[in-house]
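Heads up: the structure comes next, in structure tokens.
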Amino acid sequence: MPSFIEVLLYLGEWIRNSPVPELSLWIGDQPLSLWMGANFLAIPILQSLHILAIAAAFVSALMINLRILGIGGEGQSLGRTVTRYLPWTWAALGMLTITGLGLVIAEPVREMMNPMFWIKLALVVGLIVLGIVFQIAARRNEGSWATADGGALPMRAGAAAIIVLWCGIIFAGRWIAYAPV
Ligand code: HEM
């Protein structure tokens, strides 16, 4: 069984032999990337906005999923909790995508040659797919959720999986700076 570091090194090798190096160098030659590289405030401002959006997205997602798990928020029905917090989650995810893309354009080689960056993006795609499935379920079960005191077992499993996925993305985001490239 390969270790996590061995998996990262293997992915790094795979990235080096893919069209990604060329694409990242091309992005780095574009006027916007050159401008952000020349203005030292651009990256710290984007990273700070990225961290603020992480806080808004993760906390609003936690409020919903802990309510499904029956841990906190009992004063409000499940339906009411979803209506109140889900728009925040989607808006903050939008902000994460915009600031995240900005960080990629600012430092394309640092990000795109990093296996941890791609692992994180795969987890983000998984989270968005799970989020859409959840939203469809919320619409379909609006009536029963209006009075529900928490989710049925499959929903609780889904809620726990979403919380773990969020934590995984946050770890992966921070480890981009430390992963072997
Ligand atoms: C669920 C959504 C996301 C979460 C929870 C998340 C979380 C994080 C975290 C915790 C960091 C480290 C921040 C720091 O220590 O300064 C980070 C950095 C970063 N994120 Fe995200 N992120 C998300 C979405 C995205 C998306 C969609 C992109 C790209 C399109 C992206 C691109 C980046 C980049 C490029 C960095 C900087 C890494 C570095 O150079 O050290 N993120 N993110």
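The values are calculated or read from the model by the stated rules, or taken from the named source; none is laboratory data. Values in this document were obtained by computation on a predicted structure and should not be read as measured data. A quick note on method: Cβ atoms are made from the backbone with ideal geometry, for glycine too, and the neighbour counts reach across all protein chains shown. We work out accessible area using only protein heavy atoms, side chains counted, and drop any ligands, DNA or RNA first. Shrake-Rupley method; radii C 1.70, N 1.55, O 1.52, S 1.80 Å.
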If exposed means no more than 15 neighbouring beta carbons inside 10 Å and the site is in a DSSP loop, what's the longest run of the chain without any exposed chymotrypsin sites (Phe, Trp or Tyr not before Pro)? 41-177
³J(HN,Hα) across the stretch 167-177 via Karplus (A = 6.51, B = -1.76, C = 1.60, θ = phi - 60°), whole Hz, x for Gly/Pro? 5, x, 5, 5, 4, 4, x, 6, 7, 3, 5
Angle check, please: helix 4-16 long axis (alpha carbons) against the longest principal axis of the chain (alpha carbons), in degrees 0 to 90, nearest 10. 60 degrees
What does the helix-only formula give at 222 nm for the chain: each DSSP H stretch with n ≥ 4 adding -39500 (n - 2.57), the total divided by the residues, and the result rounded to the nearest 500 deg cm²/dmol? -27000 deg cm²/dmol
re the stretch 46-116: pairs of Cα atoms spaced beyond 20 Å account for a percent value of 42 percent
Column: log10 I(q)/I(0), Debye, Cα scatterers of the stretch 15-162, q = 0.16, 0.17, 0.18 Å⁻¹: -0.87, -0.93, -0.99
With Cα coordinates, the longest principal axis of the chain makes an angle with the long axis of helix 78-106, in degrees rounded to 10, of 0 degrees
What nm distance separates the two modelled labels at Thr97 and Leu130, each placed 7 Å from Cα along Cα→Cβ? 1.8 nm
For the chain, the per residue accessible area (1.4 Å probe, Å²) is 59 Å²
What's the magnitude of the charge dipole for the chain around its Cα centre, counting Lys and Arg as +1 and Asp and Glu as -1 at the beta-carbon? Answer in Debye, nearest 20. 520 debye
The stretch 4-175 - percent relative contact order, Cα under 8 Å, separation 6 or more: 33 percent
